[in-house]
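Take a look at the structure below.
The values are calculated or read from the model by the stated rules, or taken from the named source; none is laboratory data. As the structure is a computational prediction, the values presented were derived from the model and not from experiment. We place every Cβ from the backbone using ideal geometry, glycine too, and count neighbours over all the protein chains shown.
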């Protein structure tokens, strides 16, 4: 099956062989600016790619922001442009579609916003859907996903820690009723008013009413219950994701979270990439670049830590589990020098997933990026 990984404005296709845990590089397509996020159409025959020339976070704003559509060759996974890209107002941080892929949902964090665009019957990109004027996107949105019922959408707003003389800005899960692309009746889930609550990403259990949320600013994993689109006001469980929570070195953050297809395990990425000066050279300051694996209690949904495994790279921003649940691929956005003068390159790392949910290193592939970032990676089940 195809695996796609971005390097700057390029989206590179690999063939993924699950049985041998091997990647074979194929073709490359280019979008108008650096890839930010990618999402497949529900039919698995089209791919939507969000791109921008803005800097990440609160950095310098650019001028080129788009979503592009590609047709996927069902035999080879090769990509061909499908219609014209649509312009966006600013840098998209995350993008997905609703469950039947009738609409593209786009989250922006600088400035905070959420927008919806129609997908035409031929899977090309269509017009923007007008939204009510009273939408509150929260502080620094980072993900937008339709709930499995397709009648609700969750916008994940991370907030900000107190810094530089500015007070903490609260985080929240913004839940909307979804009506043919229109987002209404917003409800804000913000334990303690959103203070000490910094959600980044979430994933849904495949069969139970459980939502697993990575709390970036707390380096933790939380589980919320839901019922007919109504989320509990507070998490049922919250657990730390780090090996050494009292030994933070530089900027330490949790990131992507994925529930295993069998619903028995959930995984979250721990990311570190801060540097210090050594002999006039920037070297890795240390920190945890790991996947934290949790077993899910099938009666309560409680996650219990079973493993930390080193990802063998720097800052695993995205990872993906193949649809059979046998293999995980981790993508690292950059390489860095170490204090001992060795180098860790930008790389893709593959792990086998055991029946017990634990990860075993299989192999890694170093990716030449020319100083660009490998910002996104994902597997598409054709």
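Would you list the strands (runs of 3 or more DSSP E) that sit entirely within the range 172-227 and hold 2 or more residues that are over 21 Å from the mean Cα position of the chain (by Cα), modelled with pLDDT of 95 or more and over 21 Å from residue 263 (Cα atoms)?
Strands (runs of 3 or more DSSP E) meeting the threshold: 172-179, 182-189.
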Residue hits (the range 328-340; over 15 Å from residue 365 (Cα atoms) and either in contact with a helix residue (DSSP H, G or I) (Cβ under 7 Å, 6 or more places away or on another chain) or touching a residue at least 24 places away in the same chain (Cβ under 8 Å) (or both)) are 336, 337, 338, 339
Screening 348, 373 for residues that are outside any strand (DSSP E or B) and over 20 Å from residue 239 (Cα atoms) leaves only 373
### Query
Is it true that residue 232 is in the same structural domain as residue 261 (by TED's automatic domain parsing), surrounded by fewer than 16 Cβ atoms within 10 Å (Cβ to Cβ), touching a strand residue (DSSP E or B) at 6+ places or on another chain (Cβ under 6 Å) and at pLDDT 95 or above?
yes
Is it true that residue 90 is within 21 Å of the chain's Cα centre (by Cα) and surrounded by fewer than 21 Cβ atoms within 10 Å (Cβ to Cβ)? yes
The condition from (1) within 16 Å of the chain's Cα centre (by Cα); (2) modelled with pLDDT under 95; (3) buried (at least 20 other Cβ atoms within 10 Å of the Cβ) that residue 5 misses is numbered (2)
Over the range 295-308, the set of residues closer than 27 Å to residue 344 by Cα and surrounded by 15 or more Cβ atoms within 10 Å (Cβ to Cβ) is 307, 308
Expected single match for closer than 21 Å to residue 28 by Cα and touching a residue at least 40 places away in the same chain (Cβ under 8 Å) among 92, 85 is 85
In the set 283, 257, 268, the lone residue that is under 30 Å from residue 374 (Cα atoms) and surrounded by fewer than 22 Cβ atoms within 10 Å (Cβ to Cβ) is 283
Turns out the strands (runs of 3 or more DSSP E) fully within the range 245-294 with at least 3 residues that are within 16 Å of the chain's Cα centre (by Cα) are 252-259, 265-272
